[in-house]
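S.K.: Dropping a structure here in structure tokens format, bear with me for questions.
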Amino acid sequence: MKSILKIALTSTFILITSLQANAQASKYKCMLQMANYMGEGAYIVVSLINPAGEYEKTLYVMGDDKKWYSSLKEWNKFHSKKPSDISAKTGASVTGGDRSITTIEIEDAKVNKGYKLRFESAVEDQKYYVNDLEIPLTTAGIADKTEGKGYIRYVRLNKI
């Protein structure tokens, strides 16, 4: 009986270890260049969007004052329903013409599976862009420089 229990525990351990190995993630250096605009610093959130077009995960937030998160309206709806600790994923807001370099982590299993990275932006007393920029989470999409539609001029990702 004890040997059966040992075999079952060992098998369970091997299964859990192999599942964790399959959930590997890669780190990417994210270089974001802002467009020239007048006004306060932009709050930008980088989200993982699933193939159905829904928010799945917050990858990074540029702007650490929580009172302004409501200006990122669509993301804030998601974040309010599924609050998570994003303190390790936050940095300073970015102003017009500035450049920001951050590191984001993306699960390898999400690449080439219909997912996207969405960059949502808002500036105090100015227009809100729910989809300032989207990058298809494909091998080619990650390698390309992607142009923004609002406060973001472009974003470029490089695997670290």
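Coordinate-derived values only; no laboratory data. On a predicted model such as this, the values are computed, not experimentally measured, just so you know. Counting neighbours? That spans all protein chains shown, and the Cβs are built from the backbone with ideal geometry, glycine included.
S.K.: Per DSSP H run of n ≥ 4, the term is -39500 (n - 2.57); total these for the chain, divide by its residue number, and report the mean residue ellipticity at 222 nm rounded to 500 deg cm²/dmol.
M.R.: Rounded to the nearest 500, the figure is -6500 deg cm²/dmol.
S.K.: Report, in debye and to the nearest 20, how large the dipole of the chain comes out about its Cα centre when Lys and Arg carry +1 and Asp and Glu carry -1 on their Cβ.
M.R.: Working: 23 positive and 18 negative charges, 118 e Å.
Once rounded to the nearest 20, the dipole reads 560 debye.
S.K.: Now a separate question. Based on a Kirkwood Rh over C-alpha pairs, give the Stokes-Einstein translational diffusion coefficient of the chain at 37 °C and viscosity 0.692 mPa s in µm²/s. Provide the component values of the computation, followed by the final result.
M.R.: Details: Rh = 17.0 Å.
Translational diffusion coefficient: 193 µm²/s.
S.K.: Let me ask something additional. Longest span of the chain, sites excluded, free of trypsin sites (Lys or Arg not before Pro) in DSSP loop with at most 16 other C-beta atoms within 10 Å?
M.R.: The answer is 1-112.
S.K.: When the chain is fully extended, how far beyond the present Cα-Cα distance does Ile86 get from Thr103, taking 0.36 nm per residue of separation?
M.R.: 4.7 nm
S.K.: Could you give the dipole magnitude of the stretch 80-160 about its Cα centre, charging the beta-carbon of Lys and Arg +1 and that of Asp and Glu -1, in debye to the nearest 20?
M.R.: 220
S.K.: Run the reach check for Lys29 against lysines, Cα to Cα strictly under 24 Å, same-chain hits fewer than 8 apart removed. What comes back?
M.R.: Lys57, Lys89, Lys110, Lys113, Lys116, Lys145, Lys149, Lys159
S.K.: For Glu147, put the label point 7 Å out on the Cα→Cβ axis and report which residues of the stretch 105-134 keep their amide N under 18 Å from it.
M.R.: Once the point is set 7 Å along Cα→Cβ of Glu147, 119, 131-134 turn out to lie under 18 Å by backbone N, inside the stretch 105-134.
S.K.: Scan around Leu137 for amide H atoms under 5 Å from its own, H built in the peptide plane at 1.01 Å from N, and keep only partners 5 or more places away or cross-chain.
M.R.: Amide H neighbours of Leu137, under 5 Å, 5+ apart: Tyr115, Lys116, Leu117.
S.K.: Put +1 on the Cβ of every Lys and Arg and -1 on every Asp and Glu Cβ in the chain; which of Ile160, Met34, Gly150 then has its Cα farthest towards the positive end of the dipole?
M.R.: Ile160
S.K.: Efficiency by 1/(1 + (r/R0)^6): what FRET value for Lys66 and Thr139, r their Cβ-Cβ distance, R0 = 30 Å, to the nearest 0.05?
M.R.: The pair Lys66/Thr139 has a calculated efficiency of 0.25.
S.K.: Moving on to the next point. Placing unit charges on C-beta atoms (Lys and Arg positive, Asp and Glu negative, everything else neutral), compute the dipole magnitude of the stretch 33-125 about its Cα centre in debye, rounded to 20.
M.R.: So the magnitude is around 320 debye.
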